[in-house]
Every structure is written in C-alpha cells, then in structure tokens.
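Input: a single structure, listed below in structure tokens.
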Amino acid sequence: MFSSAFSAKKAYKTVELETTVISASPHKLVLMLYDGAISAINKAKANLEIKDIAQKGSAISKAIDIIENGLKSSLDMKVGG
C-alpha cells in the first residue's frame with residue numbers, strides 16, 4: 001500500500017523536474033545545478049554528523065557528478081570559461 005503511494009509520488013516529482021528542466025532558461029538551469037550541488041553537500045554533512053559513511057559518500061559523489069557533468073559542461077572554455 002505505501003510503496004504504491006511512494007512510487008506515484010516519486011514518478012510525479014520526476015515528471016515535475018523534467019518539465020521544469022525543459023522549460024527553464026540557461027540561467028535557471030545553472031541555478032538548479034548549484035542548488036542540487038549545495039543540497040548534496042548539506043546531505044553529506046548531515047550524514048557525516050550521524051556517522052553514516054555510506055550515505056555521506058553517496059551524497060559527495062552526487063555533488064561531484066553535478067559539478068563535473070553539469071556545471072563544468074556549461075562553461076565555454078573558448079571565451080574564458
């Protein structure tokens with residue numbers, strides 16, 4: 001019973017995020033990436049405080065992925081980054 005409601009909520013959030021990304025301006029997309037990286041870093045910090053090393057590592061990996069594959073790819077190195 002609960003897993004069905006959870007799955008529906010997760011699916012709705014995924015569709016909502018996809019719709020937001022599709023309709024966002026380039027500036028809004030960069031802001032969303034920054035927000036995601038900051039959120040992941042905050043989750044890593046919280047997990048470090050409760051000594052959940054596995055979740056801390058996952059959150060740090062997510063932040064690194066956002067920075068490497070999202071924010072860095074938005075830079076135009078031909079004009080100075």
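The values are calculated or read from the model by the stated rules, or taken from the named source; none is laboratory data. None of these values were measured; they are calculated from a predicted model. Ideal geometry is used to build each Cβ from the backbone, glycine not excepted, and the neighbour counts take in all protein chains shown. To get the accessible areas, we keep the full protein, side chains included, count just its heavy atoms, and leave off ligands, DNA and RNA. Shrake-Rupley method; radii C 1.70, N 1.55, O 1.52, S 1.80 Å.
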Per-region count, the range 17-45, residues among the hydrophobic types (A, V, I, L, M, F, W, C) and surrounded by fewer than 13 Cβ atoms within 10 Å (Cβ to Cβ):
5
Scanning the range 53-81 residue by residue, those surrounded by 16 or more Cβ atoms within 10 Å (Cβ to Cβ) and small (G, A, S) turn out to be A59, A63, G70
Just checking, how many residues over the range 39-78 are closer than 25 Å to H27 by Cβ and in contact with a Lys or Arg (Cβ under 6 Å, 6 or more places away or on another chain)?
1
What are the pairs with Cβ atoms under 7 angstrom where one residue, in the range 24-36, is under 17 Å from E68 (Cβ atoms) and the other, located anywhere, is open to solvent by 60 Å² or more (accessible area, probe 1.4 Å) and assigned to a helix (DSSP H, G or I)? Sequence gap at least six, or different chains.
L29/V21; V30/S74
